[in-house]
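One structure is given below, encoded as structure tokens.
The values are calculated or read from the model by the stated rules, or taken from the named source; none is laboratory data. Note that the structure is a prediction, hence the values are computed from the model and not measured. When we count neighbours, we look across all protein chains shown, and the Cβ atoms used for this are built from the backbone with ideal geometry, even at glycine. Protein only, heavy atoms only, side chains kept; ligands, DNA and RNA dropped before computing areas. Shrake-Rupley method; radii C 1.70, N 1.55, O 1.52, S 1.80 Å.
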Amino acid sequence: MNGLTPLQAARANLLDRLAAEGETGLVDVVSPGIPNGSDTGHLALLGYDPYRYYTGRGPFEALGAGFDLKEGDVAFRCNFGTVNENNVVVDRRAGRISTEEGRQLAQEIDKATIDGVEVFFKHTVEHRGVLVLRGENLSHRVSNVDPHRNGVQVETPRPLDGTREAQLTAEVLAKFLAKAKSVLSTHPVNVERQKRGLQPANFLLTRGAGVLPSIPRFEEKFGLRAAIVAGGALYKGVCRAAGFDIVEVEGATGTVNTNLAGKVEAALNTLKTHNLVLLHIKATDTVSHDRNPLEKVRMIQKIAVALERLVDRIPSNTYLSVTGDHSTPSEIGDHRGDPVPLLIWGPDVRGDTVNMFDEISCCQGGLGRISGVDLMPIIANYLGVLEMFGE
């Protein structure tokens with residue numbers, strides 16, 4: 001990339017135009033130098049301190065997948081993965097199996113009962129899914145099974161404290177995962193995949209155990225009726241926990257083949273009934289994890305073209321903010337604690353001297369370098385919905 005980031009190399013005309021006409025800066029999404037997940041990142045950007053409100057990724061994934069979690073439920077984010085005969089992880093994403101394959105596999109492992117505990121599994125997108133344990137005396141204080149890298153053995157679920165509840169939950173989870181492996185290994189979908197030389201999705205890699213969080217409603221916090229347009233369950237789940245309305249779009253997959261045009265159209269329509277719309281686009285992160293910077297450049301350019309229709313049609317009194325929920329350098333393929341660029345564009349933003357939207361140019365922006373939890377108050381200030389502090 002000749003020393004350029006994909007965002008610099010893309011030189012997406014629309015984003016550069018918005019940066020030149022608006023105000024820019026950098027965001028330390030959670031805290032300077034701290035790599036964060038999309039769960040904690042979205043909490044922060046919506047104005048919720050993740051150190052206070054975060055209870056684990058699993059509940060957000062479950063809420064986004066449509067589960068009505070009950071108090072005491074323990075939820076996990078899951079990957080369909082590939083393991084060998086020694087339970088060594090060959091591929092954490094099972095070759096990014098298709099959504100249809102994942103759906104078929106999920107049907108065979110949903111709704112089990114282990115030692116009196118109900119177990120529910122629901123597929124979301126590609127290799128992703130959610131697992132929910134429901135019963136008495138459960139705890140979310142159990143370890144990840146997913147080792148987060150290939151070439152090592154899967155972890156055995158273990159309690160993270162000395163309570164009987166954590167021990168029971170770890171035992172139930174271990175029994176279910178063994179049962180699921182037995183079912184998945186002989187499932188026709190995996191038999192066919194192996195015939196085609198593809199990795200079988202023969203194991204569930206669980207992580208992010210958590211319980212239903214208690215989060216103040218966004219509308220009460222900022223006085224704004226909000227909605228989200230997204231393909232991924234996690235993002236919908238974080239917003240659902242905060243009281244957002246969820247806008248479903250056919251073909252919104254959370255992948256590179258997502259229905260961008262449909263999502264933009266849905267965002268425009270939702271602005272007629274809501275004060276704030278979060279339009280989430282996942283694909284740039286996906287290709288970053290695959291260490292594919294050229295595809296990331298193409299995706300950035302594709303997004304910019306799709307957003308042109310949004311900018312051309314939004315009401316004149318609308319503010320538009322563009323940023324990310326974390327950094328994923330393509331050469332690393334994982335999240336890092338680098339700040340992400342930010343722009344705010346609208347009728348009376350102050351503006352600055354920046355005329356390009358990328359990680360380096362935005363260093364000079366008028367917004368400076370802010371924390372993620374500061375973004376929503378800044379936007380709410382432009383919207384004029386915050387009460388004055390003091391007299």
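Observations on the structure shown:
- In the stretch 333-360, the residues that are closer than 21 Å to Asn381 by Cα and of a type in the set (Val, Ile, Thr) form Cβ pairs under 6 Å with partners that are assigned to a loop (DSSP other than H, G, I, E, B) and open to solvent by less than 80 Å² (accessible area, probe 1.4 Å), at six or more places apart or across chains, as follows: Ile344/Gly22; Val349/Gly22.
- Evaluation of Cys78 against the conditions (1) of a type outside the set (Lys, Arg); (2) open to solvent by 50 Å² or more (accessible area, probe 1.4 Å); (3) in contact with a Leu (Cβ under 9 Å, 6 or more places away or on another chain); (4) within 28 Å of Asn150 (Cα to Cα) shows that the sole unmet condition is (2).
- Qualifying residue in the stretch 253-272 (condition: in a loop (DSSP other than H, G, I, E, B), over 21 Å from Ile300 (Cβ atoms) and either open to solvent by less than 20 Å² (accessible area, probe 1.4 Å) or at pLDDT below 95 (or both)): no
Okay, residues lined up against (1) under 19 Å from Arg240 (Cα atoms); (2) without any contact (Cβ under 8 Å) to a residue 24 or more places away in the chain; (3) of a type in the set (S, T, N, Q):
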{"residue": "Gly47", "(1), (2), (3)": "yes, no, no"}
{"residue": "Tyr54", "(1), (2), (3)": "yes, no, no"}
{"residue": "Pro59", "(1), (2), (3)": "yes, no, no"}
{"residue": "Ala62", "(1), (2), (3)": "yes, no, no"}
{"residue": "Ala65", "(1), (2), (3)": "yes, no, no"}
{"residue": "Val89", "(1), (2), (3)": "no, no, no"}
{"residue": "Gln104", "(1), (2), (3)": "no, no, yes"}
{"residue": "Glu126", "(1), (2), (3)": "no, no, no"}
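- Among (1) surrounded by fewer than 16 Cβ atoms within 10 Å (Cβ to Cβ); (2) part of a loop (DSSP other than H, G, I, E, B); (3) polar (S, T, N, Q), the one test that Thr55 misses: (1)
- Screening Leu138 against (1) open to solvent by 20 Å² or more (accessible area, probe 1.4 Å); (2) free of Cβ contacts under 8 Å to residues at least 60 places away in the same chain; (3) touching a strand residue (DSSP E or B) at 6+ places or on another chain (Cβ under 7 Å); (4) closer than 18 Å to Glu71 by Cα leaves a single unmet condition, (2).
- Arg309 being open to solvent by 40 Å² or more (accessible area, probe 1.4 Å), among the basic types (Lys, Arg) and either within 14 Å of Ala20 (Cα to Cα) or touching an Asp or Glu at 6+ places or on another chain (Cβ under 6 Å) (or both): no
- Failed criterion for Thr113 (all others in (1) more than 16 Å from the chain's Cα centre (by Cα); (2) β-branched (Val, Ile, Thr); (3) closer than 30 Å to Ala380 by Cβ; (4) open to solvent by 30 Å² or more (accessible area, probe 1.4 Å) hold): (3)
- Screening Gly243 on (1) at pLDDT 95 or above; (2) at positive phi; (3) in contact with a Ser or Thr (Cβ under 8 Å, 6 or more places away or on another chain); (4) of a type outside the set (Val, Ile, Thr) shows it passes everything except condition (3).
- Neighbours by Cβ (under 7 Å, 6+ apart or cross-chain): first from the stretch 1-12, at pLDDT 90 or above and in a helix (DSSP H, G or I); second among the β-branched types (Val, Ile, Thr) and open to solvent by 70 Å² or more (accessible area, probe 1.4 Å): Gln8/Ile360
- Any hit, the stretch 211-219, residues being farther than 30 Å from Val88 by Cβ, outside any loop (DSSP other than H, G, I, E, B), at pLDDT 95 or above and not aromatic (Phe, Trp, Tyr): yes
- One residue stands out among those in the stretch 188-232 that are open to solvent by 60 Å² or more (accessible area, probe 1.4 Å) and of a type in the set (S, T, N, Q): the one that is farthest from the chain's Cα centre (by Cα), which is Gln194.
Table: residues versus (1) part of a strand (DSSP E or B); (2) within 30 Å of Asn257 (Cα to Cα).
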| site | (1), (2) |
| --- | --- |
| Ala62 | no, yes |
| Glu85 | no, no |
| Glu101 | no, yes |
| Lys122 | yes, yes |
